[in-house]
Each structure stands twice: as C-alpha cells, then as structure tokens.
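Down below is the structure, laid out as structure tokens.
The values are calculated or read from the model by the stated rules, or taken from the named source; none is laboratory data. All of these numbers come straight from a predicted model, not from anything done at the bench. Cβ sites come from the backbone with ideal geometry, for glycine too, and all protein chains shown count toward neighbours.
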Amino acid sequence: MNVGDKVVCRFKKVDQGGNSVTHPSQQQEDFDRQLSIPGLPPAATRLTFGYQPDAASSAIERVLVSCQLGKTVVWCAQVNNVEAAAVWEDITPRRLEGTGRVVAFKERKTGSRDG
C-alpha cells in the first residue's frame, strides 16, 4: 500500500515474536533494508504491518507496525484490543540514541548524522 509516496506498507503474517512466518525473499530483505524496489517510490519509508492470528487462525490476535533497517527494528508498536477499543503501545527495543543502526538509518534518510 502506497501512502502519498511517503510511506509504503506491506502486510505479513507473523509469529508471537513479530517475525514473518514466510521464507524471506530478496524483495522482502530489500524492503526491510529500506532499499529501492522497482515500482515503489524510492524515498518512501517502508513499514511492515504484521498480523498474528489466534491459535485457530480464525481471528487476528494482534497487529504489529514496524520500521526496520535490515535485521534491526528502528521502531515498533503493537495494536491491542482492550475492552473493545484499539490501544497503540510502543514496543520499540530499547537502545541509546546515537548508537548503532539508528544513526545509520538517520544518515541514509537525511544524508547527515544530525538528523
């Protein structure tokens, strides 16, 4: 799904850990690395909407929304249904600002380390 050439979303079935249950393809890996893919806007941020079905696969138990850079999760949130109302919860893995892949992601998106 393309949202105004700013965000491109894909929908994937995931397990309890939020990992895709399908075998990764080169296109999926390129998507997760925020790389250009033919037919998609090159500057758009790529987001994955992962849905986890219940044990009977008859209903969706939760939805995860994440932005990845390769195997690193830049940010992640889950949507839970609490008393018939959707609740958005940030579950981004904790890390220190200015370290590791978060800086590399910012550099790629902005062209500088300053954000």
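What about Arg33, is it within 18 Å of Pro93 (Cβ to Cβ) and free of Cβ contacts under 8 Å to residues at least 40 places away in the same chain?
yes
Got at least one residue in segment 30-45 being of a type in the set (Val, Ile, Thr) and outside any strand (DSSP E or B)? Taking every residue of segment 30-45 in turn, at least one turns out to be of a type in the set (Val, Ile, Thr) and outside any strand (DSSP E or B).
Could you list all residues from segment 11-29 that are outside any loop (DSSP other than H, G, I, E, B) and over 18 Å from Met1 (Cβ atoms)? Answer for segment 11-29, where residues must be outside any loop (DSSP other than H, G, I, E, B) and over 18 Å from Met1 (Cβ atoms): Gln26, Glu29. Taking first residues from segment 61-72 that are closer than 17 Å to Val21 by Cβ and partners that are of a type outside the set (Lys, Arg) and modelled with pLDDT under 85, the Cβ contacts under 6 Å between residues at least 6 apart in sequence or on separate chains come to Glu61/Asp54; Arg62/Asn80; Val63/Val79; Leu64/Gly18; Ser66/Val73.
Number of residues in segment 1-42 that are among the aromatic types (Phe, Trp, Tyr) and surrounded by 14 or more Cβ atoms within 10 Å (Cβ to Cβ) equals 1. Each residue in segment 46-69 was checked for being among the charged types (D, E, K, R) and part of a loop (DSSP other than H, G, I, E, B), and 1 of them qualify.
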